[in-house]
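What follows draws every value from the coordinates through simple rules; no lab data is involved. Not measured: the values here are computed from a predicted model. Here the Cβ is made from the backbone with ideal geometry for all residues, glycine too, and neighbour counts use every protein chain on show.
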Amino acid sequence: MGVADKFWKKAIRLISSSVDIAILTIILLILTIGCYAMWDSEQVSSAASAARYEIYKPTEENQGLTFLELQAINPDVFAWLTVYGTNIDYPVVQGRDNQQYINTNAEGRYSLSGAIFLDSAASRDFTDFSSIIYGHHMEKQAMFGEIGTFAQKSFFDARQYGSLYYGGREYGLEFFYFIHTDAYDNTIYKRRITQREDKDAYLKRLSEAAINTRALDVTADDRIVLLSTCSNTSTNGRDILVGRISDELFENPFDTGDMDLGNTAAVDRITGIWGKTPLWLKVTVITVPAVLLPAILPGIINDRKRKSRKQSTG
């Protein structure tokens, strides 16, 4: 074999080895990015979980003392919202404006999941005729991630009640409308409705917009709450669950002990990096390493063995 042949053979082997190493590096990089994206999404979901705040929930047993502990951490906490049969079981805050708690949690710390918060223009004692409470639409049914599920009639029909704790006592909630609307619909997102005729007109408008309804005799003398979050079914869409505040407490039919329920404020759908990753890229992250690694690893290993034998033989 001539010198030129040896040179080209060696060059081809070197190029082949370099290509294999480059491909391996890319695969490892893809795997690293994929693992980080999945870890990041899990962290975001974990931070938004209702279980994070469970120790602070006011109950008859703790007489609201743990709730006072959370208020000592963040004085903006003033209420606790529970929707029976869902994972919605969170403290409620109110900020100086509707942006403060978009990316700040109930403990006052930065968090993508933010907090469940009352509209900044509303009264904390819920004496307003209508009060709007916002929350992010999160992955894994966290925060207000389940509000959109009330669009399903069977889900709506099975979940009529909840509770709202504020001012040192607990009140009942009766849900009677589910609405899908636009973020800029000022006929729905109205504040400070004081005149009786305006209240009647507002209830009529809610009825017209409702996708699912429950027969309750709600009047201008009642106080209602709107639980609002973004929708993934339309651009700028919003899903709203409407309930009436009641002095009567309602039994939680889902409290069996063995269930795992796991100027509009811009409370958008929040996911981690993995949740935002396009499907084609997710498929690439999973399949490329699985396909290419078996193809290139034997060549790299054999190349390393050849180099090792040459070094050992001098």
Point to revise | For the range 58-275: span of alpha carbons on each principal axis (Å, largest first) | key: 42, 41, 37
Exercise for review: Provide the net charge surrounding Ile73, with neighbours chosen by a C-beta distance below 11 Å and charges set as Lys +1, Arg +1, Asp -1, Glu -1.
Suggested key: -2
Practice item. Return the long-range amide H neighbours of Thr104 (sequence gap of 5 or more, or a different chain), with a cut-off of under 5 Å between placed amide H atoms. Key: Ser111, Gly114, Ala115
Check your understanding: What does the range 99-144 give for Rg and for Dmax, in Å, if only its C-alpha atoms count?
Key -> 11.6, 33
**Study point:** Positive minus negative residues near Ser246 (Lys, Arg vs Asp, Glu; Cβ under 15 Å)
**Key:** -4
